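The structure under discussion appears below in the form of structure tokens.
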Amino acid sequence: MTTAFAIAVGFAGLLLLAGHILRSEKYFKMNAVYINHAGHLSIYKTDSLDNGFSKPKSYGIDKDDQGKIEKLLNGDQRIEFIGKYLKGSGLVSNGCRSIPFFAMGAEPEVESRIRNHPLVEKWASELAGFIKGRGFWTPGFLPESIAVSKGLSQLLGKPLVYDEVQTKNIDNNGFIDCAASGAIDKIRSDSNVQLATRNYDGDFSAVNAEIVSHYSTGLALTDDNAMLVPLPLLQQLFSTDKITYMAAYLKDGVNHKAMVREIQNKFNDLNMPYVIYPFDNDQISLFYVGAMSFFKTMAVFFIFLVFGVVALTIANSVTMTIIERTREIGTLRSMGFLPSSITNLFICENLVLTSMALIAGEFLAWILSEAIGHGHFTYRPPGVAGEVILAPLLTWESCSIFAVIILCIAILATWITATGRTNQPVVDLLTSTSA
């Protein structure tokens, strides 16, 4: 019973750990691919990742090349949809204070599709919606509508979104006396801000904007300076029709690594100076790569730990059983049983014991998984902004793989322990005083 209990608990623990890692991988993948707009495949101009921010005009994708890339990708049935993105930075002002921002310019229709994507709603529902407000693609909003991260809205002192403002004033003609006692209240009472930057020609450029929603990037590193802007508005701010990169969103189950090679070969054959990056490249999704590397390292440590405990527990159980049955083994040997036959008896006995323990452990893991999932527990992983739902994802594949490995460990541990004892001389076995 002690051996079976140890195996069952260890097996249940392994399944829950594997389920937590699988569930976390789904969350981080949805965050990287959809919420942070990496796509399954990102298409940049060659050397753009190294030089794009210092020389955006030289490394942006112009209109003609955008059309060529779309034509090349649209014929592939494995691609669900394509997005165009422009990245840029500058200062956002509330009239009295200016804060650095990092903006992502996205097509409204593509952003709407991302936020309502079934996979995002299934695996990252806490990121799919907005903390406050609604998307700038919804009816009734002006072209100047933007979404800002929760941390940036707090730094700007803008708790209200457009739908909550009593008096709409996109032009913001009212002058704010920042030294006046009511300046803070006046800033807090509207959702209007000004965006300023240096455009692609090196000139000063500014536009008025209206905050229509607060959202979370899912990452603590970017949640204080991020801004989601309609692509036409950001292109107007930077005085360009270029984009930084294009992202291809694949259908569920498609092998993205194989597509990277295929599309890259097509670009090379057409002499197009572009590079394809998968979403799990550390240059594209550093947090995803780092988080999953940590989870994999942790998983390997605990897997070996549990497997070691199971092996030692079985070995100890077999050792105690053999000590208690030494004369019985000697009697069987004297009747003509081979040592290998007796060893097989011990192996069969432990296989039955281990199988029963594995069934009990799997049942325990499923019960705990359902209880945790229905309990709506949350936790805050390092580097993540906000709470993440704790809901282990158990699969029959992981159950089968761990079960087979533990059965193999049981066979090996039993064989090693039993072989040495059953091969002893018959006289020593029959005269043993340990039985």
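Read-outs throughout are calculated quantities, based only on the coordinates presented, and are distinct from any laboratory measurement. As the structure is a prediction and not an experimental result, all values here were calculated from the model. Cβ sites come from the backbone with ideal geometry, for glycine too, and all protein chains shown count toward neighbours.
Take the Cα pairs of segment 37-281, get the Kirkwood Rh, then feed it into Stokes-Einstein at 4 °C and 1.567 mPa s and tell me D in µm²/s. Each step should come with its number before you reach the end.
Details: Rh = 19.1 Å.
Roughly 68 µm²/s, to the nearest whole number.
Residues in segment 117-161, backbone N under 19 Å from the label point at C178 (7 Å along the Cα-to-beta-carbon vector): list them, ranges by number please.
Only 152-159 pass the distance filter.
Please find the FRET efficiency linking E121 to T395, where r is the Cβ-Cβ separation and R0 is fixed at 22 Å, and quote it to the nearest 0.05. Intermediate results must be reported in sequence, preceding the final value.
Values: r = 20 Å, r/R0 = 0.92.
That pair, E121 with T395, gives E of 0.65.
Excluding residues fewer than 8 places away in the same chain, name every one of the aspartates and glutamates whose C-alpha is closer than 20 Å to that of K186.
D163, E164, D171, D177, E210
Estimate the FRET efficiency between I416 and K68 by the formula 1/(1 + (r/R0)^6), using the beta-carbon distance for r and 56 Å for R0, to the nearest 0.05.
On the way: r = 64 Å, r/R0 = 1.14.
Once the sixth-power term is evaluated, E becomes 0.30.
Of F402, V427, F294, which is farthest on the positive side of the dipole of the chain, counting Cα position, with +1 on Lys and Arg Cβ, -1 on Asp and Glu Cβ, and the Cα centre as origin?
Ranked along the dipole, the leading option is V427.
For the pairs K26/K257; K57/K84; K68/K251; K57/K251; K71/K150; K242/K266, note any where the Cα-Cα span goes beyond 26 Å. Don't skip to the end; give the middle numbers.
Numbers: K26/K257 17 Å; K57/K84 16 Å; K68/K251 22 Å; K57/K251 32 Å; K71/K150 37 Å; K242/K266 22 Å.
K57/K251; K71/K150, as the Cα separations exceed 26 Å there.
To the nearest 20 debye, what charge dipole does the chain have about its Cα centre, counting +1 at the Cβ of each Lys and Arg and -1 at the Cβ of each Asp and Glu? Don't skip to the answer; put the middle values down first.
Working: 35 positive and 40 negative charges, 114 e Å.
Dipole size: approximately 540 debye.
Quick one: dipole size for segment 139-240, taken about the Cα centre, charges +1 on Lys/Arg Cβ and -1 on Asp/Glu Cβ, in debye to the nearest 20.
Values: 6 positive and 12 negative charges, 26 e Å.
Approximately 120 debye in magnitude.
Counting other beta carbons within 10 Å of each Cβ, put S54, S369, S285 in order, fewest first.
Working: S54 8, S369 20, S285 23.
Ordered from fewest to most neighbouring Cβ atoms within 10 Å, S54, S369, S285 come out as S54, S369, S285.
What's the exposure ranking of H256, H117, going from fewest to most Cβ atoms within 10 Å?
On the way: H256 17, H117 20.
With the fewest neighbours first, H256, H117 line up as H256, H117.
Any idea which of G88, G361, M272 is furthest toward the positive side of the dipole for the chain, if Lys and Arg beta-carbons carry +1 and Asp and Glu beta-carbons -1?
G361
Just from its helices, what would the mean residue ellipticity at 222 nm be for the chain, if runs of 4 or more DSSP H residues each count -39500 (n - 2.57) and the sum is divided by every residue, rounded to the nearest 500 deg cm²/dmol?
Numbers: 16 runs with 218 residues, N = 435.
Helix contribution divided over all residues of the chain: -16000 deg cm²/dmol.
Net charge around F141, counting only other residues with Cβ within less than 10 Å of its Cβ (Lys, Arg = +1; Asp, Glu = -1)?
Computed value for this residue: -2.
May I ask what percent, to the nearest 5, of DSSP beta bridges between residues of the chain are antiparallel? Don't skip to the answer; put the middle values down first.
Numbers: 41 of 51 bridges.
Bridges in the chain that DSSP calls antiparallel: roughly 80 percent.
Where does each of H20, H374 land when they are ranked from fewest to most other beta-carbon atoms within 10 angstrom?
On the way: H20 21, H374 9.
In increasing order of surrounding Cβ atoms, one gets H374, H20.
What is the sum of charges, Lys and Arg at +1 and Asp and Glu at -1, for the other residues whose Cβ falls under 15 Å from the Cβ of T431?
Details: positive: R325, R327, R333, R421; negative: E328, D428.
Summing Lys/Arg as +1 and Asp/Glu as -1 gives +2.
With Cβ to Cβ distances under 12 Å as the rule, what net charge do the other residues near G330 carry (K, R +1; D, E -1)?
Values: positive: R325, R327, R333, R421; negative: E328, D428.
Its environment carries a net charge of +2.
From the list [x] 26.0; [y] 23.1; [z] 23.7, can you say which value of Kirkwood radius over Cα pairs in Å was derived from the structure given?
Looking at Kirkwood radius over Cα pairs in Å for this model, the match is [x].
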